[in-house]
Amino acid sequence: MTKTFYVTTPIYYVNDVPHIGHSYTTIAADILARFFRARGWDVRFLTGTDEHGIKIVKAAAEKGMTPQELADQVVVHFQSLWKELNITNDDFIRTSQPRHEKRVQEIIRQLVAKDEIYQGSYEGWYDEGQEEFVTESTARENEYKSAINGKPLVRYSEPSYFFRLSKWTPKLIEHIEANADFIQPAARRNEVLSKLAAGVEDLSISRAKEKLGGWGIEMPNDPTHSVYVWIDALSNYYTALGRPAIGDEYDDAGAKYWPATVHLIGKDILWFHAVYWPCMLMALDVPLPRTVFAHGWWTSNGKKMSKSLGNFVSREQIAEICTEYSVDVYRWFLMRAVTFGGDGDFSAQTLRTKYNTELANGVGNLLSRTVNMIGRYFEGTVPPAGEVGPDEQEVIASAQRLVSGAEQAMRNYQFHVLLDDVVSLVDATNRYIDQTAPFKLAKDPSQRSRLATIMATCAQAVCIALAQLEPIMPTTARLGLEQLGVDGPAPAESAAWGERLKGSIVKKGEGLFPRKQ
Ligand code: MSP
């Protein structure tokens, strides 16, 4: 049976244009989608926009627009950036779409029918930036200001509908404890468990509709209330599959992809994904996603990126990097600079250095040396390898490690492990060329078979490296593979080393990664 793989990104707010943080999760999701698609898995990749909520209402008012007009304007920035970055999402959900709104109402209806929702009244400190109530103690600790953006907290008191979150937390704790994969990385899982142990209150899930100027999804049981944004937003992962069925043309269209394989998110929104979302699903009697993976945050030259400091790697800067280097180099760098799951620093200097060492002098140089030598010594046709010996062992072992470890690395969302293995293979092969000195052997006709083995080894090694880089650097890896004479998918592994590209006709081409000063 074909394996399914359903990967999602957070749906992004449309009160502002995209920046590096948005592109990071989306690129990571795209790499996974490409990787598993190439292995024949049935992949579904979803991204989209989160369009309701007070932030959007306010941002629209400031611009003299309606929230819908603002959403329609900003969504284009996300959609066009995803195109530019070569993102292969299968669907793009907007929470203002009727297919989503109607299903959220159905979800609420089901929860009301199961007595999972009740009416109460909420009073508390509210962080308008984060759209969440803050506990008294947290509010006090932060001097009644938002811990995130420093703006004063607002005192809210209003009738509200509540979801019985506290009822489900014991079951959630059991689930987290029994499923080591559910919250990743492990450090984040421990954070969630200790926060849960401190106790959780029921969740306010509605707001007075008038406060939102009518923008939002109406509570089906009370037209004076709108659905609180997190319930609305989180449901997108499910509604986009046409679930629950409501009798429209989207019904069950992607039902086979549930439960999701992985929700990729930033660490700031872990609590919502690791607590609210699974409890809601349990209350609905819907299976839980396999994994919620929270990545870290980017800083900019060592400083937190923030609107007030104006040091976000903005959409414009992303475009500049893509022009100076390439889209593929940007995609690669985001995965290369940081261990996925940890925080990382973005600096133009590091990008340059890593680019020159690993791409220009690394895989780029290896490819051009290989293609040139095969051109010169074998008239452009990859020769069959002769017998392999001790000189080849390190290259072969590195190649095998990369190939056999790739799937495991990607199943564990460890992009850096895969990239480390690519670097090891490329370095081992460049060293191998220096040690075996094919340029000397070429002068000695009695060494013809040895020379053939070396060329076949280099061609196979660089082909493997490029094939593994393809989900990360789709355009460039393809250009590289074409230089090796590979037009379709990279040929499968064959039992004998050095056979993989036998007879392939190499084509000298532009350097993949010109050195940057
Ligand atoms: N709309 C919610 C998500 C709802 S999901 C059901 C939201 N939207 S957002 O537009 O603010 O999304 C921001 C995403 O970008 C989050 O995953 C967040 O972690 C990420 N980042 C924002 N700044 C970031 C960095 N400096 N570094 C890395 N990612 C960061 O939250």
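The values are calculated or read from the model by the stated rules, or taken from the named source; none is laboratory data. Computed from a predicted structure; not experimentally measured. Reconstructed Cβ throughout: ideal geometry from the backbone, glycine too, with neighbour counts over all protein chains shown. Keep in mind that these areas ignore ligands, DNA and RNA; they rest on the heavy atoms of the full protein, side chains included. Shrake-Rupley method; radii C 1.70, N 1.55, O 1.52, S 1.80 Å.
Listed by chain and number, the aspartates and glutamates whose C-alpha is less than 18 Å from the C-alpha of Lys307, apart from same-chain residues fewer than 8 away, are Asp16, Glu62, Asp127, Glu128, Glu131, Asp268, Glu316, Asp345.
Proximity of backbone amide H atoms, modeled 1.01 Å from N, is registered between Ser160 and Gly120, Ser121, Tyr122 at under 5 Å, excluding neighbours fewer than 5 places apart on the same chain. Is the stretch 324-410 best put as rounded, prolate or oblate by its Cα gyration tensor, with a ≥ b ≥ c the root eigenvalues, rounded for a/c under 1.5, and otherwise prolate when a/b is larger than b/c, oblate when not? It is oblate, given that a/c is not under 1.5 and a/b is not larger than b/c. The C-alpha atoms of the chain define a longest principal axis, and helix 415-436 lies at about 10 degrees to it. What you get for the chain, charging only the Cβ of Lys and Arg (+1) and of Asp and Glu (-1), is a dipole of about 1260 debye around the Cα centre.
Per residue, the chain exposes 42 Å² of solvent-accessible protein surface, assessed with a 1.4 angstrom probe and all protein chains in place. The region of the chain that goes longest without hitting one of the GluC sites (Glu not before Pro) in a DSSP loop, each with at most 10 other Cβ atoms within 10 Å, is 1-142.
Beta bridges per DSSP, both residues in the chain: antiparallel share near 50 percent. Counting only Cβ charges, +1 for Lys and Arg and -1 for Asp and Glu, the dipole size of the stretch 21-126 around its Cα centre is about 300 debye.
Note: the stretch 133-191, Cα convex hull, 130 Å³ per residue. Rolling a 1.4 Å probe across all protein chains gives Asp248 an accessible area of roughly 40 Å².
Taking amide H as placed 1.01 Å from N in the peptide plane, Met219 has its amide H under 5 Å from the amide H of His225, Ser226, Val227, each at least 5 places away in sequence or on another chain. The coefficient of translational diffusion for the chain, derived via Stokes-Einstein from the alpha carbon Kirkwood radius under 25 °C and 0.890 mPa s, stands at 97 µm²/s.
Heavy atoms only, probe 1.4 Å: what % of the accessible area of the chain goes to carbon and sulfur, would you let me know? Carbon with sulfur: 51 percent of the solvent-accessible area.
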